[in-house]
1. To the nearest Å, what is the center-to-center distance of the range 237-298 and the range 111-173, using C-alpha atoms only?
2. Return the distance in nm (one decimal) between the two label points of a simple spin-label model at residue 143 and residue 53, each offset 7 Å from Cα along Cα→Cβ.
3. So which of 51/231; 142/215; 51/215; 92/231; 142/196; 66/262 end up more than 21 Å apart by C-alpha?
4. Mind giving me the FRET efficiency for residue 90 and residue 61? R0 is 30 Å, r the Cβ-Cβ distance, nearest 0.05 is fine.
5. Tell me the net charge near residue 26. Cut-off is 11 Å between Cβ atoms, residue 26 excluded, with +1 for each Lys or Arg and -1 for each Asp or Glu.
6. Compute the helix-to-body angle for 144-153: its Cα long axis versus the longest principal axis of the chain, expressed 0 to 90° and rounded to tens.
7. What distance in nm separates the simple spin-label points at residue 272 and residue 102, each placed 7 Å from Cα in the Cβ direction?
8. So what is the calculated 222 nm ellipticity per residue for the chain, using -39500 (n - 2.57) for each DSSP H run with n of 4 or more, over all residues, to the nearest 500 deg cm²/dmol?
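Rule-based calculations on the coordinates, nothing more; no lab input. Since we're looking at a predicted model, the values are computed, not measured. Here Cβ is always computed from backbone atoms with ideal geometry, including for glycine, and neighbour counts include all displayed protein chains.
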Amino acid sequence: MTSRKVVGMAAALVGLLAVGCGTGVQDEIIRVSRQNNSGTYHYFREEVLGKAREFKSGSLDMSGSKDVVELVARTPGAVGYSGMGYATDEVKMLEVSKDSGEPVGPTVENASSGDYPLARPLYIYVLGEPTGAVKHYIDWIKSHEGQDIVAEIGYVPVNAITPEQSDSPPEATITISGSDTMVNLTQAWAETYGQKFAQVRPEVAGGGSGVGIAKLIDGTVEMANASREMKPEEREKAEANSGEKVVEITVALDALAVYVHKENPLDSISLEELAEIFGDGGTIKVWTQVTGWPIDVQ
């Protein structure tokens with residue numbers, strides 16, 4: 001049995017006693033998750049836990065991607081998941097393995113190649129083929145300039161296009177809501193585009209992928225940002241309400257990173273271990289079960 005698989009009660013007791021003695025050793029795993037209106041929450045559940053499995057109760061559920069990383073940075077025993085674009089020097093992004101394969105890091109190259117097991121597309125959804133200022137804005141996002149911003153923010157660009165468009169879009173306000181994973185990116189797009197084309201005002205709000213999609217369905221926004229695909233029932237409702245087809249546009253790729261505190265000695269983790277940490281009925285509750293020893297946070 002390898003040190004990463006030590007799971008005995010005696011080993012767990014060592015960690016708990018160390019915590020109780022105030023030695024600066026942390027063994028309890030503090031799970032940091034997202035709220036269930038988040039596309040990141042639903043993506044992690046499907047890819048890590050499986051569609052039929054629920055999250056284990058008792059996690060700290062955060063409303064934003066940045067909030068997850070900031071809480072992990074303050075909490076030595078924590079583990080959480082968030083977009084790789086939110087990494088800081090105060091946290092560590094773990095390499096992730098799947099089906100007993102080699103662990104792979106959450107990098108632009110690995111996400112782009114598909115080698116990283118938690119790489120995912122990021123979407124914009126609209127109703128009907130975009131026209132006017134909305135089309136101009138989306139074409140600009142897909143252009144080399146828009147995709148350069150994707151790379152600057154820390155995500156993975158998609159194949160850029162050279163749009164056939166006028167340099168003078170019509171005056172408009174574009175209402176946009178959705179993914180908190182994408183909010184830094186969408187705000188950067190809106191700021192740069194607004195400086196180039198002052199007659200168009202992209203108004204960006206977060207709230208989560210589910211919130212953005214719900215607003216698109218009820219007609220209160222023109223664009224929804226999402227870090228997950230729209231569900232069939234959401235598409236049906238949107239099309240029934242509007243009489244228009246849902247149009248899905250992939251605008252970037254993201255590696256969903258697994259974050260731990262910078263002093264955590266762990267460098268990699270498997271999807272199977274993550275499922276046992278986060279999933280309902282999961283057996284992994286202390287770091288000793290993963291690393292073989294508690295975390296020394298002194």
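1. 26 Å
2. If labels sit at residue 143 and residue 53, their model points lie 4.6 nm apart.
3. In this structure, 142/215; 51/215; 92/231 lie more than 21 Å apart at Cα.
4. Numbers: r = 21 Å, r/R0 = 0.69.
So the FRET efficiency works out to roughly 0.90.
5. With Lys, Arg at +1 and Asp, Glu at -1, the neighbours total -4.
6. 20 degrees
7. With each label point 7 Å from Cα toward Cβ, the separation is 1.9 nm.
8. Details: 11 runs with 102 residues, N = 298.
Mean residue ellipticity, 222 nm, calculated: -10000 deg cm²/dmol.
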